[in-house]
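Step one of this worksheet: look at the structure below.
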Amino acid sequence: MGAREWIDKNKRASTVASVVLFLGAIVFAYYQLRPARPPTKEWYTTDDGQTWFKDSNRKVPPFDRGGKEAVLAKVFECHGKKFVGYLKRYKPEGKRRMDEFRAAEDAGKPTDGINIAGTDWQFEFKRPGEKEWTASLDKRALIIDVKCPHGTKEDPLIVYP
């Protein structure tokens, strides 16, 4: 018995199968075309990138975690191995302004009067193991240009929590 003969003999089953396939195609298209949701978590570290943990991306680093200073950790992967490429935190003035802004947002208060313009200039960066943090644009560009360890030419992939 061919496909046409089966369909002619099983009209109800073929109609149900067609509807299921059509709905499946719609669901598949929806999940493929929907906009990506922004991440709500970030990686942080309290030990200079040796280990990392995920927490809300609403945290303003540095912040206290168990008596230690936690900073943002940008995690990457090369050849299946994950590592922290660089660390990031706010300078004190930038942190103060962002904490004030986030507190107002969380309380449902207007944030119009809180100036956070220019807080991106309030960041400091460093690589794990380095002693000094830097806000210098020249040095920052070198720090955030992460390469795979062991000199491979492959570009590292950023790892989101």
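The values are calculated or read from the model by the stated rules, or taken from the named source; none is laboratory data. Predicted, not measured: the structure shown is a model, and the values here were computed from it. With ideal geometry, Cβ positions are generated from the backbone for all residues, glycine too; neighbour counts draw on all protein chains shown.
Taking residues in the range 25-53 that are in a loop (DSSP other than H, G, I, E, B), and partners anywhere that are at pLDDT below 75, not one pair has Cβ atoms closer than 7 Å while being at least 6 places apart or on different chains.
For the range 47-84, residues that are under 18 Å from the mean Cα position of the chain (by Cα), surrounded by fewer than 19 Cβ atoms within 10 Å (Cβ to Cβ) and closer than 25 Å to F101 by Cβ total 7.
All conditions but one from (1) touching a Gly at 6+ places or on another chain (Cβ under 7 Å); (2) not in a strand (DSSP E or B) apply to R58; the one that does not is (1).
Entry remark, the range 67-96: residues being over 17 Å from L157 (Cα atoms), in a loop (DSSP other than H, G, I, E, B) and modelled with pLDDT under 95 number 1 in total. A search for C-beta distances below 7 Å between a residue of the range 143-161 that is part of a loop (DSSP other than H, G, I, E, B) and any residue that is of a type in the set (V, I, T) and modelled with pLDDT of 90 or more, counting only pairs 6+ apart in sequence or on different chains, returns P156/V146; V159/V75.
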